[in-house]
Structures are given as C-alpha cells and as structure tokens.
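One structure is given below, encoded as structure tokens.
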Amino acid sequence: MEYLPIFLDVRDHLVLVDGGGTAAARRAERALSAGARVLVLDPAPGDELQRLTAEAPSGLSFEARLPGRDDVVGARVVYGASDDAAREARLLGWARDCKVLCDISDATDRCDFITPSIVDRSPVVVAISTGGAAPVVARTLRARIETMLSPAYGQLTAFVSRFRDRIAAGIGDARTRRHFWDRMIDGPVGDLYLSGNEAGAIARFEADLACTRAGKEAPMGEVYLVGAGPGDPDLLTFRALRLMQRADVVLYDRLVDPEMLSLVRRDAERIYVGKLPKEHTMEQGDISALLVKLALQGKRVLRLKGGDPFIFGRGGEEIEQLAARGIPFRVVPGITAAAGCAAYAGIPLTHRDHAQSCLFVTAHGRDGVLELDWEVLIRPAQTVAVYMGLQNLPALVEGFARRGISMQADVALVENGTRADQRVLTGTLGDIVDQARAAGFKSPTMIIIGSVVQLRARLAPGNAAKDIPHSLSISATQD
Ligand SMILES: C[S@@+](CC[C@H](N)C(=O)[O-])C[C@H]1O[C@@H](n2cnc3c(N)ncnc32)[C@H](O)[C@@H]1O
C-alpha cells in the first residue's frame, strides 16, 4: 500500500482551494460537505464556481485574486486546481514551508495526499483510490459500489446506531454481539427499515434482541420475491441485485437465465422449481410450502421469477402463505416480458397513431379452449400482448377471425426476448400460425397483436444495434 488511508476531520478548519474551474468547484463542495470553512481564490472563476458562490453556501468565501503565502498559513488542507504549473509549484512550496497538507489536481507526484473517488451514504462513506495509477478504475468501482449500496444506507446506519447502547448492555458475548449486528444490518431489520417500514424494523429488532438474550437464534428468515426480467441480466434492478447477493438459498424458474443465476451469491443453495408447459417440476402449492419452510429455518430465501412476479407470475399466491404465517417478505418488480420483448424488437406497445392502450392477457387455456374477454380484446386502436399463447396460437387466431377481425391484422412473435438468441417473426393473423410452425418457434414466446408491429420496420433493428449489446440477437430476426 503506497498511501495511508485516513478520513480527516476538517470541521471548522480552513481549506484553501486555488483555482476557478470544475475541479476547484468539486473540491470546494466536498470540503464544505465535511463542514470546513472554504476559501476559493481565482482571478477569473468559471461558470460552475460562479454558480456555487452565487448559492452562497454557509462556510464558503470567494476572492477574485491569486493566492499568496499568507493564505496558506493556518489552513488544514490546500488544494491546487488552477491547471497552471507555475502557480501550482508556488502553492506547493508555501504549503511545504507551512507544513500544510497539499493536493495538486492530476499530479500525484506533487501531492501529500490523494483525493479518492467516494460513495457518500453519510455517515457511511466509501473512499476508493488506485494510488493515482488509474483513476478511471476507481470511478468504475465507484459506480459498482453505488449500485450495491441503497441510497438509504446512510439513514439505516443512523437508525441502527440508536440501538448501540442497548445491544452492548444486552448481549455480553462479543461474538454473539457481532453476529447480532450482522443480522441486523444485513437482515430483516435493515430490510424493513430500507423499505420504509420503521415501525416494523423496530418491532423486529425488539423480537430479535429478546431471542438473542434468551439464548435462542433469530425467530425466522425472510423471503425476497424478485422479478428477474425477461432474460437480459442488464435489465435487473439494483434492488434485485442487492437481494440476490444476500440470499442463503434461491428457488428459480425455467425462465430465469443461467447468466442471471451467476449473479446470485456464490455459496447460496440453488433449488430449481421451474415449470414447462404441461410438465411441472414442483406444484405451485409445494413451492409456496417450501418458501415457508426455508424461511422458518431462519434462511434468507430468494424466489427469483422471470419477468415481473405479479404479472402472470403467481407471485400473489406465493406471498399469501407467507403473509398468513407472519413471515417477512419483500417484492421487487421486474421488467415484464411484454415490455422487454417489445423494446428489444423495436415495437412500441402504444403509439399516438396506432394504439392508445395495451392489454396484457394470457392465452393459457385447457385443450385449446381460451377463456378470454373477446369484447375487450377486439377493441380498435389497442395492442394486445399475449403471454403463454404459443401453444394456443391457432385458437387465438380463430377467435379473432370469428369476431370479424381482418386476417391482415399485424402480429409479431418474439421468442427468447431480450436474450442473446432472441428471434422475432412478423406477419398477419392469416399467416402467423404457418410461419411460426415453419420457423419452429418455441416457448417462451410473446405474441404482440396490433398495427404497432408495423413500426418495427422503422424502429428496429439498426438503431438498436448501435447501443444494445444484444445487437446480435436482433440481427438474428427472421423477417
Ligand atoms: C408464466 S408467464 C410469466 C410472465 C412473467 N411473470 C413476466 O412478467 O414476464 C410466461 C410467459 O411469459 C412470456 N415470456 C417470458 N419471458 C419471455 C421472453 N424472454 N421472451 C418471450 N416471452 C417471454 C411467454 O409468453 C411465457 O410463456
């Protein structure tokens, strides 16, 4: 390690910033947020600095001049951010004379310290430095850490610190105390607090503390019902990712991509509960019962579901049993297949000139008999997105035909939407069944019916190929 990492107390101390550009403004802001008195000097300040001084935050003063030796005297820290070599050399000389810590922007060899990249969740602050070797690496790491730490982490820290004395007094053994803290921050108490349920978090804390003091383990685990989106791992939410990295055990579906599973905590137990049409690995009731059983064993259970758990995902049934047993759970929405497939296929689900509404329906019926509200389905100026409809595509087409819908109506099929092997087929109600058969389309496939499908010719795939890494999948389309 080339540098000693420390966090310096600058509250009510003078921090001198020499410079008028963006770097100077950033350093002034950071010093102000740590409670310093900040003096910025520059004869010709830039826009950002002018904006900052116009806001006149408490603790900031600005003078339109060059610094002198006297400005350095008494400062705790001096920043050189003028981008002027001679001016910076002078500043550094005075700082060395006066034994004041000095940092010159972008010149590690002339610095007493390095200004790290930070993730600010005050009072938690994560500082990242590469010792000046590759600041871009520090910035990339910072972006990753930003996604891992909920914005409310700082408030969580302040919240749990309220219980410090009670935990210290109530749990004598240091190891047990440490485990208790781990469980509290990374477990149900923290989760409840982060989801906005402070009263629930306090109640859970009291229950856990009473259990631990009585020599028992925490009463129960919790369940995360997480929507994994249609396939592309890039479509996961930050919260989904955080909970995936926290789970002890994961129950996952057939529709969850293997690449997605690699993002779950490495040592988490994996249980496949996937379903194929007509082939159920585990019945729904058994899945719900397993969730309850694992949570009662004190585990953090991740129920990872394709798309969104509350859209044709039976998520409601799974949490019903949890709710009935008082088992804590959290539901994390995911991008539903209709939205993902439409976006990656270049088909807007609504459009001013084509469709003012979009209907999500399932065509999962027994023996080709569809129970659909046809009156609603055939309304004009609307898009119909059909889940689980491939098997019953002929019955679906027949249903539209019987209600007088033109066989020239536009239809798109999106197989494995958003994944590397996505395929898209466009046609009409009249020819889509034969086309799908000829192309060997399989589940999972999303069916999109409506004139918005015509927009694909203009909106896909060329534009998508420019910025979506799945350009390959889109260019593998069939039409
Ligand atoms: C049981 S439903 C689950 C829906 C899921 N909860 C959601 O919100 O997307 C399964 C159906 O969703 C559609 N589906 C899910 N993922 C898909 C994908 N990647 N590409 C195309 N269709 C998909 C298919 O119609 C599939 O039969």
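The values are calculated or read from the model by the stated rules, or taken from the named source; none is laboratory data. Everything quoted here is computed from the prediction, not taken from an experiment. Here the Cβ is made from the backbone with ideal geometry for all residues, glycine too, and neighbour counts use every protein chain on show. To get the accessible areas, we keep the full protein, side chains included, count just its heavy atoms, and leave off ligands, DNA and RNA. Shrake-Rupley method; radii C 1.70, N 1.55, O 1.52, S 1.80 Å.
Show which aspartates and glutamates lie in cross-link reach of LYS442 when reach means a straight Cα distance below 13 angstrom and same-chain residues fewer than eight apart are skipped.
Counting by Cα, and skipping residues close in sequence, LYS442 has these aspartates and glutamates nearby: GLU415, ASP421.
Longest exposed-loop-site-free stretch of the chain, with GluC sites (Glu not before Pro), DSSP loop and at most 10 other Cβ within 10 Å?
For GluC sites (Glu not before Pro) (loop position, at most 10 other Cβ atoms within 10 Å), the longest site-free span of the chain is 3-370.
Looking at the calculated P(r) for region 222-332, what percent of the C-alpha pair distances fall above 21 Å?
More than 21 Å apart: 26 percent of the Cα pairs in region 222-332.
When the accessible area of the chain is split by element with a 1.4 Å probe, what percent falls to carbon and sulfur?
Carbon and sulfur together cover 52 percent of it.
Short version: ³J(HN,Hα) in whole Hz for each residue of region 46-61, in order, from phi by Karplus 6.51 cos²θ - 1.76 cosθ + 1.60 (θ = phi - 60°), x for Gly and Pro, what are they?
x, 4, 5, 5, 4, 4, 4, 5, 5, 5, 6, x, 4, x, 9, 10
Decide, for region 102-255, between rounded, prolate and oblate: order the square roots of the alpha carbon gyration tensor eigenvalues as a ≥ b ≥ c, take rounded if a/c falls under 1.5, and otherwise choose prolate if a/b is larger than b/c, else oblate.
Here region 102-255 falls in the oblate category.
Note down the relative contact order for the chain as a percent, whole number, built from C-alpha pairs under 8 angstrom at least six residues apart.
After rounding, I find 9 percent.
Could you calculate, for the chain, the ratio of the Cα radius of gyration to the Kirkwood radius, expressed as Rg to Rh?
Details: Rg = 29.5 Å, Rh = 26.9 Å.
My calculation puts Rg/Rh at 1.10.
Is the shape of region 94-162 rounded, prolate or oblate, going by the alpha carbon gyration tensor and its root eigenvalues a ≥ b ≥ c, with a/c under 1.5 for rounded and a/b larger than b/c for prolate? Don't skip to the answer; put the middle values down first.
Values: a/c = 4.92, a/b = 1.70, b/c = 2.89.
Since a/c reaches 1.5 but b/c is at least a/b, the shape of region 94-162 is classed as oblate.
Check LEU236: other-chain or 5+ apart residues with amide H under 5 Å from its amide H, H built from backbone geometry?
Under 5 Å from the amide H of LEU236 lies no amide H from a residue far enough along the sequence or on another chain.
Using the Karplus curve 6.51 cos²θ - 1.76 cosθ + 1.60 with θ = phi - 60°, work out ³J(HN,Hα) for each residue of region 121-137 in order, rounded to whole Hz, and write x for Gly and Pro.
Along region 121-137, the couplings run 10, 2, x, 8, 10, 9, 10, 10, 9, 10, x, x, 5, 8, x, 5, 5 Hz.
Calculate one ³J(HN,Hα) per residue across region 376-381 by plugging θ = phi - 60° into the Karplus curve 6.51 cos²θ - 1.76 cosθ + 1.60, and present them in order as whole Hz with x for glycine and proline.
Running phi through 6.51 cos²θ - 1.76 cosθ + 1.60 with θ = phi - 60° gives 6, 4, 9, 4, x, 6 Hz.
Quantify how much of the Cα-Cα distance distribution of region 153-213 extends past 14 Å, in percent.
When all Cα pairs of region 153-213 are counted, 50 percent exceed 14 Å.
About the Cα centre of the chain, what is the dipole size in debye to 20, counting +1 per Lys and Arg Cβ and -1 per Asp and Glu Cβ, all else neutral?
Taking the Cα centre of the chain as origin, the dipole is about 940 debye.
At 1.4 Å probe size, with every protein chain present, just tell me what the per residue accessible area of the chain comes to in Å².
50
I'd like the trypsin sites (Lys or Arg not before Pro) in region 1-72 restricted to DSSP loop residues with at most 13 other Cβ atoms within 10 Å, sorted by number.
ARG11, ARG65
Loop-only trypsin sites (Lys or Arg not before Pro) in region 186-233, please: DSSP not H, G, I, E or B, and at most 11 other Cβ atoms within 10 Å.
Loop-located and lightly packed - LYS216.
Using the Cα centre of the chain as origin and beta-carbon charges of +1 (Lys, Arg) and -1 (Asp, Glu), tell me which of ALA385, SER129, ALA95 is placed farthest towards the positive end of the dipole.
SER129
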